[in-house]
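Each reported figure results from applying straightforward, stated rules to the coordinates on display, with no laboratory input. Bear in mind that the values here come from a model prediction, so they are computed numbers and not experimental data. Here Cβ is always computed from backbone atoms with ideal geometry, including for glycine, and neighbour counts include all displayed protein chains.
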Amino acid sequence: MDSLQERVAGDIAMADSAGNAMKKWRELFGVSQVELSKYLKISASTISDYEGNRRASPGVGIIKRFVTALVTLDEQKGSSVIRNLEKFNAAKEEGSFYSIHDFSTPLSGIDFARLIDAKIAANPNVLDTTRLFGYTLLDSLRVILEISPNDYPRLFGTTTERAFIFDQVSTGRSPMVVVRVAPIKPKLVVIQNLDQVDKLAVKIAQIEKIPLLTTKLNAEELKLRLNNI
C-alpha cells in the first residue's frame, strides 16, 4: 500500500471503534455501501454490520481490501478525493496558531451546534444538511496576519468537511473575509465569545451558504467536548 492507504488503514486499525472509522472513510471517499459491496463482492449488509460494530473487529486483510476498494473506486471517478487527501496530508497538522481534530464518526451540523451550546447567526436552513468530519481551532488574528495562500490548505487536515472555530475575534468580519477570498471553504464557521456578529460577516456567510455560529465556550472547553468524538 502507498502512504495514503497506509494512513487510512492505520487510522481504522488504531481506532477505538473500527466500524465508526470504516464508515467515516467510506463517506469521506463518497462511496455508498452498495457501491462498495459490489466491488468487494460481498453483501451491503456485511459492510453495514462492520460499520455498526456488529461483527468482530476486521483483521489486517479485510482492512487492506476495504482501503484498496475506496482508493480504486475514487480513481475510477477521477481521483478527486485522493488528490485532496494527498495535498492535505503533505502539510503539517499542527501550527502555532491552529489545532486540528478529526472526529471518529461524522457529526451533523445540528448535533455539533448543540454540543458547543451555539447560537445560529446565519443559514439555519443549511445546518441540518451539514456533515462534519472534524474541526480546526484558529487564532483569528494570527491567521489573518500570518497565513499564506500556500499554507491555507493545511488548516483542513485530511478533509474540507470540517468546522472552522475562530478565537480572538472582535467583530467576526475579518474571519469571514478570509473565508470569502479563500479557494477552499469550511462547511461551517464558529465565532467564539462574541455577543453580536458584524453584519458583513453574516452577509458573507449567507452568500457562501455557510452556517455561521457563535459560542461562549472557551478553547479548552471546546476541546474537552469535541475531542472525545
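Put simply, when 112-122, 49-59 are sorted by average Cβ atoms within 10 angstrom per residue, most first, you get 112-122, 49-59. Rounded to the nearest angstrom and listed largest first, the equivalent-ellipsoid semi-axes of segment 3-88 from its Cα gyration tensor are 19, 15, 10.
Each principal axis of the Cα cloud of segment 112-158 was evaluated for its coordinate range; sorted largest first, these ranges are 32, 23, 18 Å.
For segment 62-69, 3J(HN,Hα) computed residue by residue from phi via the Karplus equation (6.51, -1.76, 1.60; θ = phi - 60°) reads 5, 4, 4, 4, 4, 5, 4, 5 Hz, glycine and proline entered as x.
Taken about its Cα centre, segment 1-127 carries a charge dipole of about 340 debye when Lys and Arg each add +1 at the Cβ and Asp and Glu each add -1 at the Cβ. Binning all Cα-Cα separations of segment 90-229 at 10 Å, short to long from zero, yields these whole-percent fractions: 12, 50, 35, 3.
Relative to the Cα centre, what is the charge dipole magnitude of segment 93-226, using +1 at the beta carbon of each Lys and Arg, -1 at the beta carbon of each Asp and Glu, and rounding to the nearest 20 debye? Mind showing how you got there, number by number?
Details: 16 positive and 16 negative charges, 95 e Å.
With Lys and Arg at +1 and Asp and Glu at -1, about 460 debye.
Using a 10 Å cut-off on Cβ atoms, rank the peptides 66-77, 130-141 from the highest mean neighbour count down.
130-141, 66-77
What is the order of Thr129, Thr171, fewest Cβ neighbours within 10 Å to most? Working shown, then result.
Working: Thr129 11, Thr171 15.
Exposure proxy ranking, most exposed first: Thr129, Thr171.
Rounded to whole numbers, the Karplus 3J(HN,Hα) couplings from phi for segment 113-120 are 4, 5, 5, 9, 6, 8, 9, 8 Hz, using 6.51 cos²θ - 1.76 cosθ + 1.60 with θ = phi - 60°, and x at Gly and Pro. Would you tally the net charge around Lys216, using a Cβ to Cβ cut-off of less than 11 Å, leaving Lys216 out, and scoring K and R as +1, D and E as -1? With Lys, Arg at +1 and Asp, Glu at -1, the net is -2.
A dipole drawn for the chain from +1 and -1 charges on Cβ atoms has a positive end, and of Ile110, Leu188, Val31 the residue lying farthest that way is Val31. Close amide-amide hydrogen proximity is noted between Gly134 and Phe103, Ala163, each under 5 Å apart and 5 or more residues distant or on a separate chain (H modeled in the peptide plane; Pro and chain starts excluded).
What does the helix-only formula give at 222 nm for the chain: each DSSP H stretch with n ≥ 4 adding -39500 (n - 2.57), the total divided by the residues, and the result rounded to the nearest 500 deg cm²/dmol?
So the calculated ellipticity at 222 nm is -14000 deg cm²/dmol.
Please report, in debye to the nearest 20, how large the charge dipole of the chain is about its Cα centre when each Lys and Arg carries +1 at its beta carbon and each Asp and Glu carries -1 there.
Here the chain has a charge dipole of around 520 debye.
Applying the Karplus relation 6.51 cos²θ - 1.76 cosθ + 1.60 with θ = phi - 60° to segment 176-188 yields 3J(HN,Hα) values of 6, 5, 4, 4, 4, 8, 6, x, 10, 10, x, 7, 7 Hz, where x marks Gly and Pro.
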